[in-house]
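Engineer: One structure is given below, represented as C-alpha cells, and several questions about it will come after.
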Amino acid sequence: MKLLEGLRKAQEKEQRLKWEGTFFEYLQLVQENPQITRLAQARIYDMVISHGIDEKVEGTRIFKFFISDLFGLEDTLEQLVEEYLHAAARGLESRHRILVLMGPVGSGKSTIVNLLKRGMELYTKTQEGALYAIKGCPMYEEPLHLVPEELRQSIQKQYGVHIEGSLCPWCRLMVQQNYNGRIEDVPVVRIVLSEAERRGIGTFSPSDPKSQDISELTGSIDFSTICKYGAESDPRAYRFDGELNKANRGLMEFQEIFKFDERFLYHLLSLSQEGCFKVGKYALISADEMVIGHTNEVEYKNFISNPKNEALKSRLFVIPVPYTLKVSEEVKIYEKLIRQSHIDLHVAPHTLWVVAVFSILTRLKPSLKQGVTLIKKVKLYNGEYVEGFSQSDVKELKSEFPHEGMEGIDPRFVVNVISTVLAAHELQCATGLDMLSGLKKALLKHPGLDKEQVEKYLDLLWIAWQAYDELIKKQLQSAFTPAYEGIAHSLFKNYLNNIMKYYEVEPSYQGETDPVDEGLMRSIEEHMGVSENAKGFFREELYLKYSSLIRDGKYPDFESAGRLKEAIEQNLFNNFKQIIRVRLSSYDVGQDYNNHAANIKDILMTKFDYCEICSAKILDYAVGLLSG
C-alpha cells in the first residue's frame, strides 16, 4: 500500500508540472517572472547556487550541490562555478566558450558533467527552474523567438528580458501554416529537461570516424517524406533529432571531445561564438546550450599543438580537474564506494586511510625544500601538523610543482584492489594490512606497468606501510596500559611544573619546589624534535602560554595539547615497550586471551572501533611490530 501511495503522489506531482497556454499567456508569466527566460548557462548557474554555499575553507567556497559526490576538488569547482558559469550567466565572454574539463582518468570529469545533467533535470521540475517551450518544436525553443525583430527592443524594455535567437525552420513554417502568422495564439508548454527522453540534454560519444555520420550531431533528411512535401528543404522533411538539436535549452556533453573528427568539431565554432549551427539546406539555426567536453591531458596537448585547430583553440575554456591531494578527501571517495556496494562488513580503522596515503604519494613530486619528505608533504597537504613547518609552507610547496595531481596511479586500479579485498573478506573484516598486501600483489601483476614503474610504486607503498605502522603504534600506546591516561596526565602536569620552575627561581604558584628535572623535560622534547639549542625558545613559548593559568592552580586540557600530548604518549610508549612485549608473548592464536591481552582488545574495540576480528589481527601484527 505504501508503494501505491508513493506512486500516486509521484503522478500527482508530475501532473502539477504540466502547463499549457498561448504565447500571450506566456508573456503574462514572463511579466510576473522574467527569470523563466534565462539562457542555459544562467539557468545552470542558478541551479548550482540554489543548493547553497558553505563558508570558505582555506579561501575556497564550498558548493553544496557537489558536496556529497565530489571530494577534494574545491579549486576546480570554484573555477567552474565562479569563473565560467557565473560570468556566462552575466552575459560575459565565457558564455561564448566551450567548456573543457581536462584531467587524468578517474579524476571526476564525467562525474561533474553527470551531476550537472541530473541537477538540471530536477531543477526544471521546481518552480524556480520552470522552463517553457513552443509546443511541438523539435528543439524545445524559447517562445520569445516568436517576437519579430522589429518588436524585440520594445518587448525587452517592457518585460525586462533579453531575447536572443530566431525561430527554427519547423516553427517558422508552423506559425505561418497553422496560425497564419498570429504568434499570440501559438501554444506554449512547460517542459522538464531529460537525458533519457533527449529533451534539453545531449550526449555525443566518439566512434569510428569512417562510420560516424554528422547527422548524429545535426539531424538528417527524412527521405520517406520528400515525396509528400516535395522538397528536401521543407522543414517537415527533416529530422531535427541530432544531439545539438535535442540539447537546445540545456547542456550538450562531448565525451572525449578531442577524439572526434575535425568535421564534427568545426560545427562548434559558430555554436560557441554565435549561438547557432548549420543544418542541412537551412540557414543557421539558433541554439541555446552549454557545450561541455572532457579529455585527458595528452589529447588536449596534441590538439592545441596542431596549427589547424587555432580557431577552435581560442574558443575553449579549459579547467584542469586533478586528483585530490588530501588524504581525508580521498578516504571519502572510498567510503562512498563502500556505501554504494552490497558488501556488509566491518572495515578496520585506518584501512582506507593507508590506501589513500599510497594513492596521494603517487601523485606527488619530491620537494626541493630541505627536510620535506614525501610523507611530510602528504600530512601538510592534509592540513596536519608537521614539526618545523606550518600551513603557510603549503603554498610554497605547491608552487614548486603546479602540475601535482595531474598524474599518478590510475584510481580505478586502486578501487579495483579495494573491491577485491572487501569481497574476499565479506562477512568478516578488512584491515589496513589486507589492503597493503592486496596493493602489493596487484602492483606486481599489473600488465600496464613496466619494471621501473612497479619498483617506484612499491617504494611508495612501503612509505605508506611505515606511516600505517606509526599509527598502529600510537593506538597501542593508549591501549596497552589500563592506567595509561592517568599516568599521561600526571606526566603532562609534571612537565608543565618543570617549565614553571625553569623560569621562576621563586615559584609564584602552588606547585613543586624541587630542582628542575632536565632529564624528564629533554626526554619529552626530543620526541617532538626540539633540539638542545631550540629548547629555550620552545619552553618560553609554553611558559608564556600557560603560566598565568598554572599560577591560578589550573592546567590546560591534555587532549588539546597537540604536539606535547603526542610527545608524552611516545615517551610513555617507549618506557612500556618491554612490558608490552612480555604481555604479547603470552598471546597465542587459538587460545584464550590472558587477562592483559583481553584488556588490550577491549580498549581497541571500545575506544578505536575495532571489531573482534580486526583487533585480533592487530594484536598479532603488534608482536612483530614492537619486537623490532
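The values are calculated or read from the model by the stated rules, or taken from the named source; none is laboratory data. The structure presented is a predicted model; accordingly, all values stated were derived computationally and were not measured. Glycine also receives a Cβ, built like all others from the backbone with ideal geometry; neighbour counts cover every protein chain displayed. Quick note on the areas: whole protein, heavy atoms, side chains included, nothing else; ligands and nucleic acids left out. Shrake-Rupley method; radii C 1.70, N 1.55, O 1.52, S 1.80 Å.
Engineer: What number of residues within the stretch 16-60 satisfy the criterion of being part of a strand (DSSP E or B) and over 28 Å from the mean Cα position of the chain (by Cα)? Break it down into steps so the answer makes sense when it comes.
Structural biologist: Narrowing the stretch 16-60 to residues part of a strand (DSSP E or B): 20-22, 53-57, 60.
When the remaining residues are screened for being over 28 Å from the mean Cα position of the chain (by Cα), the result is 20-22.
Qualifying residue count for the region: 3.
Engineer: Right, something else. Free of Cβ contacts under 8 Å to residues at least 60 places away in the same chain and either open to solvent by less than 10 Å² (accessible area, probe 1.4 Å) or part of a strand (DSSP E or B) (or both): does that describe Cys171? If you could, list the steps in order and put the result at the bottom.
Structural biologist: Values: free of Cβ contacts under 8 Å to residues at least 60 places away in the same chain: yes; either open to solvent by less than 10 Å² (accessible area, probe 1.4 Å) or part of a strand (DSSP E or B) (or both): yes.
Judged against the criteria, Cys171 is a match.
Engineer: Also, I was wondering about something else. Restricting attention to the stretch 148-160, does a residue exist that is of a type in the set (A, V, I, L, M) and surrounded by 20 or more Cβ atoms within 10 Å (Cβ to Cβ)? Before the answer, list the steps.
Structural biologist: Taking the stretch 148-160 as the starting set, the residues that turn out to be of a type in the set (A, V, I, L, M) are 151, 155.
Retained after the next criterion (residues that are surrounded by 20 or more Cβ atoms within 10 Å (Cβ to Cβ)): none.
No, there is no match, as no residue in the stretch 148-160 is of a type in the set (A, V, I, L, M) and surrounded by 20 or more Cβ atoms within 10 Å (Cβ to Cβ).
Engineer: Then there's this: Scan the stretch 428-448 for residues that are more than 12 Å from Val355 (Cβ to Cβ), part of a helix (DSSP H, G or I) and open to solvent by less than 30 Å² (accessible area, probe 1.4 Å) and jot them down.
Structural biologist: Correct list: Leu443 only.
Engineer: In addition: Which numbered condition trips up Asn114, out of (1) free of Cβ contacts under 8 Å to residues at least 12 places away in the same chain; (2) crowded, with 23+ Cβ neighbours inside 10 Å?
Structural biologist: Here Asn114 meets the rest and fails (2).
Engineer: Which residue, of Lys281, Lys308, Lys301, is assigned to a helix (DSSP H, G or I) and more than 32 Å from the chain's Cα centre (by Cα)?
Structural biologist: Values: Lys281 fails: assigned to a helix (DSSP H, G or I); Lys301 fails: more than 32 Å from the chain's Cα centre (by Cα).
It is Lys308.
Engineer: Here is a further query. What are the residue pairs meeting all of these: first residue in the stretch 408-429, first residue in contact (Cβ under 8 Å) with a residue 12 or more places away in the chain and closer than 21 Å to Pro322 by Cα, second residue of a type in the set (S, T, N, Q) and open to solvent by less than 50 Å² (accessible area, probe 1.4 Å), Cβ atoms under 6 Å, and 6 or more apart or on different chains?
Structural biologist: Gly408/Thr362; Ile409/Thr362; Val414/Ser359
Engineer: Now a separate question. Only one residue in Ile98, Ile44 is farther than 24 Å from Asn382 by Cα, at pLDDT 95 or above and open to solvent by less than 20 Å² (accessible area, probe 1.4 Å), so which one is that?
Structural biologist: Details: Ile98 fails: at pLDDT 95 or above.
Unique residue meeting the criteria: Ile44.
Engineer: Quick one: how many residues across the stretch 69-86 are touching a residue at least 60 places away in the same chain (Cβ under 8 Å) and assigned to a loop (DSSP other than H, G, I, E, B)?
Structural biologist: Total meeting the criteria: 4.
Engineer: Let me ask something else. Considering only the stretch 129-152, state which residues are of a type outside the set (Val, Ile, Thr), over 16 Å from Arg249 (Cβ atoms) and either within 40 Å of the chain's Cα centre (by Cα) or not in a helix (DSSP H, G or I) (or both). Give the derivation first.
Structural biologist: Of the residues in the stretch 129-152, the ones of a type outside the set (Val, Ile, Thr) are 129-133, 135-146, 148-152.
Still in the list and also over 16 Å from Arg249 (Cβ atoms): 148-152.
The answer is Pro148, and nothing else.
Engineer: Kindly evaluate Glu455 against the criterion of being modelled with pLDDT of 90 or more and more than 30 Å from Asp344 (Cα to Cα).
Structural biologist: yes
Engineer: Specify which of the listed residues (Val516, Val505) is outside any helix (DSSP H, G or I), modelled with pLDDT under 75 and open to solvent by 20 Å² or more (accessible area, probe 1.4 Å). Spell out how you get there, then give the answer.
Structural biologist: Details: Val516 fails: modelled with pLDDT under 75.
Matching residue, one of Val516, Val505: Val505.
Engineer: Limited to the stretch 244-268, what total is found for residues that are open to solvent by 20 Å² or more (accessible area, probe 1.4 Å) and either modelled with pLDDT of 85 or more or more than 12 Å from Lys313 (Cα to Cα) (or both)? Explain how you work it out, then say what you get.
Structural biologist: Applying the first criterion (open to solvent by 20 Å² or more (accessible area, probe 1.4 Å)) to the stretch 244-268 yields 246, 255-256, 258-259, 261-263, 266-267.
Then drop every residue that is not either modelled with pLDDT of 85 or more or more than 12 Å from Lys313 (Cα to Cα) (or both), which leaves 246, 255-256, 258-259, 261-263, 267.
Within the stretch 244-268, residues that are open to solvent by 20 Å² or more (accessible area, probe 1.4 Å) and either modelled with pLDDT of 85 or more or more than 12 Å from Lys313 (Cα to Cα) (or both) number 9.
Engineer: Which is outside any loop (DSSP other than H, G, I, E, B), touching a Phe, Trp or Tyr at 6+ places or on another chain (Cβ under 9 Å) and either open to solvent by less than 40 Å² (accessible area, probe 1.4 Å) or free of Cβ contacts under 8 Å to residues at least 40 places away in the same chain (or both), of Glu184, Glu216? Step through it out loud before you land on a result.
Structural biologist: Details: Glu184 fails: either open to solvent by less than 40 Å² (accessible area, probe 1.4 Å) or free of Cβ contacts under 8 Å to residues at least 40 places away in the same chain (or both).
When all the criteria are applied, what remains is Glu216.
Engineer: Still on this structure, please answer the following. Between a first residue in the stretch 547-566 that is touching a residue at least 40 places away in the same chain (Cβ under 8 Å) and a second residue that is among the acidic types (Asp, Glu) and open to solvent by 60 Å² or more (accessible area, probe 1.4 Å), which pairs have beta carbons less than 8 Å apart while being 6 or more apart in sequence or on different chains?
Structural biologist: Arg563/Glu387; Lys565/Glu559
Engineer: Somewhere in the stretch 153-160, is a residue in a loop (DSSP other than H, G, I, E, B) and at pLDDT below 90? Working first, answer last.
Structural biologist: So the first thing to find is which residues in the stretch 153-160 are in a loop (DSSP other than H, G, I, E, B), and the list is 160.
Imposing the further condition that a residue be at pLDDT below 90 reduces the set to 160.
Within the stretch 153-160, one or more residues are in a loop (DSSP other than H, G, I, E, B) and at pLDDT below 90.
Engineer: Could you grab me the full set of residues in the stretch 219-239 that are open to solvent by 40 Å² or more (accessible area, probe 1.4 Å), among the hydroxyl-bearing types (Ser, Thr, Tyr) and in contact (Cβ under 8 Å) with a residue 40 or more places away in the chain?
Structural biologist: Result: Ser233, single match.
Engineer: Taking the stretch 381-417, which residues are within 22 Å of Trp353 (Cα to Cα), acidic (Asp, Glu) and open to solvent by 60 Å² or more (accessible area, probe 1.4 Å)?
Structural biologist: Result: Glu384, Glu387, Glu407.
Engineer: If you don't mind, another one. Scan the stretch 313-327 residue by residue and report those that are among the hydroxyl-bearing types (Ser, Thr, Tyr), closer than 19 Å to Lys301 by Cα and touching a helix residue (DSSP H, G or I) at 6+ places or on another chain (Cβ under 9 Å). Spell out how you get there, then give the answer.
Structural biologist: Of all residues in the stretch 313-327, those among the hydroxyl-bearing types (Ser, Thr, Tyr) come to 314, 323-324.
Narrowing further to those that are closer than 19 Å to Lys301 by Cα: 314, 323.
If the condition is that a residue be among the hydroxyl-bearing types (Ser, Thr, Tyr), closer than 19 Å to Lys301 by Cα and touching a helix residue (DSSP H, G or I) at 6+ places or on another chain (Cβ under 9 Å), then Tyr323 is the only one that fits.
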